[in-house]
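I have placed the structure first, in the form of structure tokens, so that the comments after it can refer back to it.
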Amino acid sequence: MELIRGLNGMTDRRRGCVVTIGTFDGIHLGHQALLAALAAYGRRLGRPKMVLTFEPMPREYLSGPECPARLTSFRERWRVLEHLGVDVLWVLRFAEPLRQLSGEAFTTLLANALRAPVVVIGHDFRFGRNGEATGETLRAAGERLGFATEVIEPVQLEGERVSSSAVRAALASGNLERAHRLLGRPYSMIGRVIRGERLGRQLGFPTANLRLERRRSALAGIFAVRVHGIDAAPLPAVASLGRRPTVGGGEVLLEVHVFDFSGDLYGRRIEVEFVAKLREEAHFEGVESLVRQMHQDAQQARAILKV
């Protein structure tokens, strides 16, 4: 998959793709319906498939610290979109110049920059200053400017509309099975292992520590997980995602103890697949109480993962 950044990155070679537009946070079943329609147009017209997205996500720019938790980092979105067969990812920086564009100006920009024969969007797609323009606006503009617009209806799962908000709610409640169904895959996080304070090793639970590549996480607590990227098969593990209140931690980290593993993982990029939530993060009166609980967590995770 090719990456294009900014308006100046667009070249004649990449004009004429079939295009879909959105933030694609989570790339859930609803997003996948858009991508399936995009792929169908690409095959029919013999054109490459492009996703146009934004960094930061518009809601992050507009809401600041109070924005909803991000489901996927940029790197995680990249991996899933590439796996789903997208050819080009075009990323525009969302800031005041883009925010202040009128719907008409944004549509004209798309027509001139992309020259796309078809633009595929979701039913709730809004664009232009203050979200003033809708899918119908884009469809009418496309008829004038020379491109077709396909609006994809919402995907329903068990009577609920599939959305990023629904995935966040499932994760926040610890319902990883529900999140899996909404996403069409297990929820996971990708990161590079960093050097920590080695406290876990001193307590008998050496951990691979990952910083979160997002402002906020939809998940927190203690989990049974599987780790990809170390061995040919995923390895069973127990993980903590939070601030480590008992030992005075501050930064949110994902700390993963891989069962029966003793190798050096520093600098490795791994993927942590969340299988089941064991409990909420808690403050313990002392290290001894914490270690006892860690043994219980490990035992419970082993039972869930059948190791």
Original post:
Are any residues in segment 1-49 of a type outside the set (Gly, Ala, Ser) and in contact with a Cys (Cβ under 9 Å, 6 or more places away or on another chain), and if so, which ones?
Top reply: Arg47, Pro48, Lys49
**OP:** Find the residue count for segment 106-141, including only residues that are without any contact (Cβ under 8 Å) to a residue 24 or more places away in the chain and on the phi > 0 side of the Ramachandran plot.
**Re:** 2
**OP:** Quick one: count up the residues across segment 69-122 that are among the small types (Gly, Ala, Ser) and surrounded by 20 or more Cβ atoms within 10 Å (Cβ to Cβ).
**Re:** 2
Subject >> Filter result (assigned to a strand (DSSP E or B) and among the charged types (D, E, K, R)) within segment 221-242 >> reply: Arg226
Original post:
Among the residues of segment 143-159, which ones are in contact (Cβ under 8 Å) with a residue 60 or more places away in the chain and of a type outside the set (Asp, Glu)?
Top reply: Ile152, Pro154, Val155, Leu157
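One line per residue, one yes/no per condition, for (1) assigned by TED's automatic domain parsing to the domain that holds Arg195; (2) of a type in the set (Ser, Thr, Tyr); (3) without any contact (Cβ under 8 Å) to a residue 24 or more places away in the chain; (4) buried (at least 18 other Cβ atoms within 10 Å of the Cβ):
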position: Glu251; (1), (2), (3), (4): yes, no, no, no
position: Phe261; (1), (2), (3), (4): yes, no, no, no
position: Asp264; (1), (2), (3), (4): yes, no, yes, no
position: Glu273; (1), (2), (3), (4): yes, no, no, yes
position: Val291; (1), (2), (3), (4): yes, no, no, no
position: Gln300; (1), (2), (3), (4): yes, no, no, no
Original post:
Out of curiosity, is Leu278 part of a strand (DSSP E or B) and farther than 20 Å from Val80 by Cβ?
Top reply: yes
Subject >> Spans of strands (runs of 3 or more DSSP E) in segment 140-220 with at least 1 residues closer than 30 Å to Tyr266 by Cβ, among the hydrophobic types (A, V, I, L, M, F, W, C) and at pLDDT 90 or above >> reply: 188-194, 208-211
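The values are calculated or read from the model by the stated rules, or taken from the named source; none is laboratory data. The shown structure was predicted, so the numbers you read here are calculated from the model rather than taken from an experiment. Quick reminder, even Gly has a Cβ in these numbers, built from the backbone with ideal geometry, and neighbours come from all protein chains shown.
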